[in-house]
Amino acid sequence: MESRLNLHHRLARDVPQWYALPRPMVVMAIETSCDETSLAVLELSRGKLRLRASTVASQTELHARWGGVV
């Protein structure tokens, strides 16, 4: 899994000019699997893509007792 610092560095970069919008656009992304759910909030503004927030809810420790997802 990519570290948050690396992800933020990769996202806070210049994006192609055709992404330049007249006002900021905010996107909420959700990803789920059997034992984790992740959420990220991204903002595209002035040709820059920025990670505003991210979190992961995990049940890995709960499932570890049985050797993984059951």
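Derivation of every value follows stated rules applied to the coordinates shown; laboratory data play no part. Keep in mind that what you see is a predicted model, and the values were worked out from it rather than measured. Cβ coordinates were reconstructed from backbone atoms using ideal geometry, including for glycine residues, and neighbour counts include every protein chain displayed.
Computed quantities for the displayed model
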read-out	value
Region 18-70: relative contact order as a whole-number percent, Cα under 8 Å and 6+ apart	30 percent
Total formal charge among the other residues, if their Cβ is under 15 angstrom from that of M25, Lys/Arg +1 and Asp/Glu -1	+4
For R52, residues with placed amide H under 5 Å, excluding near neighbours	V41, L42, E43
Cα shape, region 27-68, gyration tensor, a/c 1.5 rule	prolate
